[in-house]
């Protein structure tokens, strides 16, 4: 799964219509260029390829003042919207170990209804538990991984990863259940709500 596709579709969708430089700037403001491969070149390549695939619609705007070609504004299509949510749901529910993909999905999680986001994260937690069980099932009872040399260190790394990411997922589920974030199905905040301090 391409993290750049997910990020670019999400960024365009949130803007309605956006120039490529605006998409790139939005992703940089999220720090995506630090924790993913969403570089300037990959963003423009994704915009072009997804336009060719019918996931985005390109609109020519006024030529630049410097006399260059017209800038393109991009808008997500119905097919693009479907692809975006399919990528988002898969990234949230999968035990994929790539942190860039998980970070992108969590950064866009508020595009989903709250119950759906919680359900997807519960699937992720179950998948992580199953993965951990598949590792420990093959270990003899009372195994001391420190005596296994480098192989033991590798197994310990996977077990630590499974445990820590499962715990993190359960914390995020708890926060969502407690009302964290403005999710897609939440009522818009009233002026009074916007002035009140956020508690989550």
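The values are calculated or read from the model by the stated rules, or taken from the named source; none is laboratory data. Everything numeric in this text was worked out from a predicted model, so none of it was measured. All Cβ positions, even for glycine, are placed from backbone atoms using ideal geometry, and neighbour counts span all protein chains on display.
Out of everything in the range 22-45 that is touching a residue at least 12 places away in the same chain (Cβ under 8 Å) and in contact with a strand residue (DSSP E or B) (Cβ under 9 Å, 6 or more places away or on another chain), what residue ends up being farthest from residue 109 (Cα to Cα)? Applying the filter and picking the extreme gives 23.
When we screen 118, 106 for residues that are at pLDDT 95 or above and not assigned by TED's automatic domain parsing to the domain that holds residue 159, the only hit is 106. Among the criteria (1) crowded, with 16+ Cβ neighbours inside 10 Å; (2) within 21 Å of residue 166 (Cα to Cα), the one residue 35 does not fulfil is (1). Taking the listed residues 31, 54, 20, the one that is in contact with a helix residue (DSSP H, G or I) (Cβ under 6 Å, 6 or more places away or on another chain), at positive phi and in the same structural domain as residue 84 (by TED's automatic domain parsing) is 54, with no other qualifying. Only one entry in 12, 4 is in contact (Cβ under 8 Å) with a residue 60 or more places away in the chain and under 24 Å from residue 112 (Cα atoms), namely 12. Checking the structure you have, find out if any residue of the range 68-82 is surrounded by 16 or more Cβ atoms within 10 Å (Cβ to Cβ), in a helix (DSSP H, G or I) and touching a strand residue (DSSP E or B) at 6+ places or on another chain (Cβ under 9 Å). Yes - at least one qualifying residue is present in the range 68-82.
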